[in-house]
Amino acid sequence: SCAWGKLFKRSLFEEIRFPISKIYEDIAIMYSVFDKAGNVVFTDYAGYGYLQRDTSIMKEKFTENKMSLITFVEDNERFIKEKYPMLMNAAVSRTVRANFHIYLQIPSEGTYTCYRRQIEENIKERRSIVMKDKEAAKGTKGALLITYLGFGVLRAAKNLKNWGKTI
């Protein structure tokens, strides 16, 4: 889903634009780009170095702007459901992992209670789909199992966010 690891034809972006002033903006458009592309080629050539700085936006503490990821993966899930229903389980797993990613950044105290509750509901709504999916990542399933014990237990075990590594 990351734009930095791909080469694109310019024509793919004639009608598709990255959202302005949002983070996770590549996730917002990548499914549309792939759909429009028609053909996708893969190589395992590792000719690009990617540096993640400790001061980057992605590593900063939780802000409301990070909730854009939840909106973008839900848009992606709706698109997949309509156009590629055979990929729905993968889309739901991705949505769940994105929700975990953001949830574990939200402080347990303070003004973000509404976001914590929203994400808890998102996860509860989808967890049975992921638990039944034989292809779902074990780390995602493990984190989901913990949510049956309560989200407080999940917050206490924040190191689980590294199990599902990619969004």
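The values are calculated or read from the model by the stated rules, or taken from the named source; none is laboratory data. These figures come from a predicted structure and were not determined experimentally. As a convention, Cβ positions derive from the backbone with ideal geometry for all residues, glycine included, and neighbour counts pool all protein chains shown. Please note that ligands, DNA and RNA were not included when accessible areas were found on the heavy atoms of the full protein model with its side chains. Shrake-Rupley method; radii C 1.70, N 1.55, O 1.52, S 1.80 Å.
Picking from residues in the stretch 1-58 that are small (G, A, S) and modelled with pLDDT of 90 or more, the one that is surrounded by the most Cβ atoms within 10 Å (Cβ to Cβ) is A28.
Being open to solvent by 20 Å² or more (accessible area, probe 1.4 Å) and aliphatic (A, V, I, L, M) holds for only one residue in A98, A136, A156, and it is A156. Would you pick out the residues in the stretch 71-86 that are in contact with a helix residue (DSSP H, G or I) (Cβ under 6 Å, 6 or more places away or on another chain) and surrounded by 14 or more Cβ atoms within 10 Å (Cβ to Cβ)? Of everything in the stretch 71-86, those that are in contact with a helix residue (DSSP H, G or I) (Cβ under 6 Å, 6 or more places away or on another chain) and surrounded by 14 or more Cβ atoms within 10 Å (Cβ to Cβ) turn out to be F72, V73, N76, E77, F79, I80. For beta carbons closer than 7 Å, sequence separation of 6+ or different chains, a first residue in the stretch 6-27 that is more than 20 Å from A98 (Cβ to Cβ) and a second that is open to solvent by less than 70 Å² (accessible area, probe 1.4 Å), the qualifying pairs are F8/V33; L12/V33; L12/A37; I16/I29; I16/S32; I16/V33. Checked against the criterion of being open to solvent by less than 50 Å² (accessible area, probe 1.4 Å), closer than 21 Å to K22 by Cα, more than 14 Å from the chain's Cα centre (by Cα) and aliphatic (A, V, I, L, M), the candidates I146, I106 yield just one match: I106. Being within 30 Å of D35 (Cα to Cα), among the basic types (K, R) and open to solvent by less than 70 Å² (accessible area, probe 1.4 Å) is true of R127. Residue count for the stretch 27-70 satisfying the condition of being under 18 Å from G5 (Cβ atoms), assigned to a loop (DSSP other than H, G, I, E, B) and of a type outside the set (D, E): 15. Please verify whether T63 is more than 30 Å from Y112 (Cα to Cα) and among the β-branched types (V, I, T), treating the condition exactly as stated. Here the answer is no, as T63 does not meet what is asked. So T113 ticks every box in (1) hydroxyl-bearing (S, T, Y); (2) out of contact with any Leu (no Cβ under 7 Å at 6 or more places or on another chain); (3) under 14 Å from R97 (Cα atoms) but one. Which box is left unticked? Exception for T113: condition (3).
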